[in-house]
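See structure below.
The values are calculated or read from the model by the stated rules, or taken from the named source; none is laboratory data. Predicted model, so just to flag it, every value in this text is computed and none were measured. A quick note on method: Cβ atoms are made from the backbone with ideal geometry, for glycine too, and the neighbour counts reach across all protein chains shown.
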Amino acid sequence: MNKEFSKPPKSIKNLTDSNKLASLLSDLVGTNFVITGKSRTDGSRLRNLIAQKLEAANLPQTAEIDDYKIVPPKKKGVPRILIEFIDTYIITSGNSYNLQVWNRIPASNSLIIEYANSDKLTSKDVRFILVKIDVEQQIISSIFILSPTYIEQKFGKFGKPTIKQQLMISNAKREIIINSQNSILFGRDSKNVEKISAKKYTKPVNAFNQIPDKNEIYALDIIFEKVAKKLIGKKINAAATKTRGQYLELLTLEFLGYEINENNLLEGGYPDIRNQLLEIKIQDAQTVDLGKYSPEFDEMVIPELNITSKDIRYLIALTDKNDEIIKGIILCSGEELINHFVFVADQSYKCQRSIPMSFFEKYKGKAVVNPD
């Protein structure tokens, strides 16, 4: 396959329209395709078939090496045909097809390609090309170009794998934050929290670990003024990571005006300061362990307020390993955090979504895009 296929397009505007892609690939419907039973061999043959069609139709101009960055480490989860941001799949027989996506959350805003001009391509921008094979006749019977969002809306969300999630903060991004105004990366609240948050500060009444009532959740602007600004320059005493995290949590509670009860202090729940939907982290290495919950997965956390993992606010202190002084702060919602950083797993994983075979049979003989 042409080596240009492993490079992203010069601009996201250069991606071939999905309807045009379907038109280009429609010639493959009815052509021979013998299934060998060897998934890697069959998958490679299919990619080459599609690549030949794309190449004959003139590929988009590729980006120069200095104009983009592949964000996921070791290129995990990056589409195989990067120039058109597509992954390909073979469908054969059975009652349903189990679509498996490796090392990325399909319908999320997780960064895959970041351009120098700040444009980006994310997981939800990947186009899935699913090719249905008539096993008896050994021919391509139909072709589908589906978006991750379409798949979730029509068939349900991809299953969440059991993985330990980590947030990656590159040295370059860290330096940008530290050298910025106030040394704080400040993002907005989710719309859900914005609607119920208090815009003026009053001293907390409930304990920090209690589920909040509406209008006792401080708007992020308040936490920015009362906590984030005051943390810059503070020293986090050297100790085990957990103890340092507890010390940072204690400082945050103090700045917010909470009275500390020794019996429930720093109990290790999620989020750390439940009354403010606030998770506290320290970063002095490239990765930050997120534990059970990650804003990449929209999971219910507090049903009483319809709060999900994307609504949780994150306060991440960027400390220096040598003097343990806080040099920068990240303060934003989980929803916003996804737009700035890449999330990785400590091992390979896959997200799966079952699609009934009747859906594919319905469009036999066609090449379609997100059909109704």
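Exactly one condition in (1) of a type outside the set (Phe, Trp, Tyr); (2) at pLDDT 95 or above; (3) assigned by TED's automatic domain parsing to the domain that holds ASN339 is not met by SER147; state its number.
Status for SER147: all satisfied but (3).
Would you mind telling me which numbered condition in (1) under 17 Å from ASN2 (Cα atoms); (2) surrounded by fewer than 18 Cβ atoms within 10 Å (Cβ to Cβ); (3) out of contact with any helix residue (DSSP H, G or I) (no Cβ under 6 Å at 6 or more places or on another chain) LYS69 fails?
Condition not satisfied by LYS69: (1).
Going through the range 185-217 one residue at a time, which ones are under 18 Å from LEU337 (Cβ atoms) and not acidic (Asp, Glu)?
Within the range 185-217, LEU185, PHE186, GLY187, ARG188, SER190, LYS191, ASN192, VAL193, SER197, ILE217 qualify.
Quickly run through the range 318-338 and pick out the residues that are farther than 13 Å from LEU278 by Cα and either among the polar types (S, T, N, Q) or part of a strand (DSSP E or B) (or both).
Passing the criteria: LEU318, THR319, ASN322, ILE325, ILE326, LYS327, GLY328, ILE329.
Just a yes or no: is a residue in the range 25-39 assigned by TED's automatic domain parsing to the domain that holds GLN138, within 29 Å of TYR363 (Cβ to Cβ) and under 27 Å from the mean Cα position of the chain (by Cα)?
No: the range 25-39 contains no residue that is assigned by TED's automatic domain parsing to the domain that holds GLN138, within 29 Å of TYR363 (Cβ to Cβ) and under 27 Å from the mean Cα position of the chain (by Cα).
Suppose we keep only residues that are in a loop (DSSP other than H, G, I, E, B) and not acidic (Asp, Glu) within the range 280-306. Which one would you say is nearest to ILE196 (Cα to Cα)?
Restricting to residues being in a loop (DSSP other than H, G, I, E, B) and not acidic (Asp, Glu), the top hit is ASN306.
Being at pLDDT 85 or above, crowded, with 18+ Cβ neighbours inside 10 Å and over 18 Å from THR88 (Cα atoms) is the filter here; which residues of the range 334-369 pass it?
Within the range 334-369, GLY334, GLU335, GLU336, LEU337, ILE338, PHE341 qualify.
Going by the structure shown, is SER354 outside the structural domain of ILE280 (by TED's automatic domain parsing) and outside any helix (DSSP H, G or I)?
Against the criterion (outside the structural domain of ILE280 (by TED's automatic domain parsing) and outside any helix (DSSP H, G or I)), SER354 qualifies.
Here are some residues: SER147, SER123. Which one is among the hydroxyl-bearing types (Ser, Thr, Tyr) and surrounded by 21 or more Cβ atoms within 10 Å (Cβ to Cβ)?
On the way: SER147 fails: surrounded by 21 or more Cβ atoms within 10 Å (Cβ to Cβ).
Only one candidate qualifies: SER123.
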